[in-house]
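Down below is the structure, laid out as structure tokens.
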Amino acid sequence: MTTTPASDTPPPAAAPRFPPLVTLASYFGIGALCAVGLGISGMTRPEKVVNFLDVTGNWDPSLMCVMGGAIAIHLALYKWILKRDSPLMASVFQIPQQRTITGRLVGGAALFGLGWGLSGFCPGPGVVGTGGLGSSAIVFVIAMLVGMQTLHMLDPATPSES
Amino acid sequence: MDQFTPIASTIGGLLIGLSASLMLLLHGRIAGISGILGGLLKRRAGDVAWRLLFLGGLVAGGLVFALVSPDLLTDDLQRSTATTAGAGLLVGIGTRLSQGCTSGHGVCGLSRFSPRSAVAVVTFMGTGVVAAYISQRILGGAL
């Protein structure tokens, strides 16, 4: 297995095993599959997310099933995938290697949770919602992009990958 | 508990996990949506198309839902525009500071037992519960 830390350097060129068009189309397909999963699971409905977080109200544990299902399959496939020397359409695996718990990590996650609990939107369902032209999803995503851009301007060294 | 949808939510979760696994198998990347969005804003040469295509797939999924099953996109929460915008700002700043959201830290990070992701998930779940409690129980959803 070859890994490199996720960094701000542009990714290496894709291995020429697949035509560039197939490689690019696969990203679209992966995004669409993720959207279908988010929609079927109910996570594109903000009320369902808030009803999970609002544990003292009409509690809806569905989000646990979503996370459980997603982690179960990714956990099962992850180790098997990383036994390969390289991904099918790229030259290296780009897995985050950071280990340190920082104030930035905790503070950022705390702010994210506040926004998530207030609106019931996190980034994925927000983006999916814009496809349905939902006004709240559009407002949310625009504001989220403004927030990201603001941080990038205040701190140009903000890493781009998770 | 009347809205609990264990089967649909587990199936949806499996598809999300499958999508993250395909991202890793095909491209060696973590399917972290906030990171993919954030990187787009930096507009580095050769690093834009794949992000746009992935996000385009997400948007296309939403478009299909709107046509086929619009109730999947119902927003019954009815937050004010100002609240939604404030929440979006918090999510944008917060996910870039912590380098991940529910997908990158939640699904991908927890699956590989990343201590950073575990701390992030516990933290955003915690403040999410607090924000939901304040907005629903103290303010009665009127914000």
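Each of B:115, A:116, B:55 was scored by the projection of its Cα onto the charge dipole of the protein assembly as shown, and the greatest displacement toward the positive side belongs to B:115; charges sit on the C-beta of Lys, Arg, Asp and Glu.
Taken about its Cα centre, segment A:3-154 carries a charge dipole of roughly 400 debye when the Cβ of each Lys and Arg holds +1 and the Cβ of each Asp and Glu holds -1. Relative to the dominant Cα principal axis of chain A, helix A:135-154 is inclined by about 60°.
Report the residues of segment A:101-140 in range of a label on residue A:55: point 7 Å along Cα→C-beta, backbone N strictly under 19 Å from it. Within reach of a label on residue A:55: A:109-120.
A full extension of the chain between residue B:3 and residue B:82 corresponds to an added length of 25.7 nm, given 0.36 nm per residue minus the alpha carbon distance. Charge dipole of the protein assembly as shown (Cα centre as origin; +1 on each Lys and Arg Cβ, -1 on each Asp and Glu Cβ, all else neutral): 820 debye, rounded to the nearest 20. Please give the residues of segment A:56-87, grouped as numeric ranges, whose backbone N is less than 20 Å from a label point set 7 Å along the Cα-to-Cβ vector of residue B:112. The answer is A:67-87, whose backbone nitrogens lie closer than 20 Å to the label point. With a cut-off of 11 Å between beta carbons, the residues surrounding residue A:151 carry a summed charge of +1, where Lys and Arg count +1 and Asp and Glu -1.
Coordinate-derived values only; no laboratory data. In this text, all values refer to a predicted model and were calculated from it rather than measured experimentally. Neighbour counts run over all protein chains shown; Cβ positions are idealised from the backbone, glycine included.
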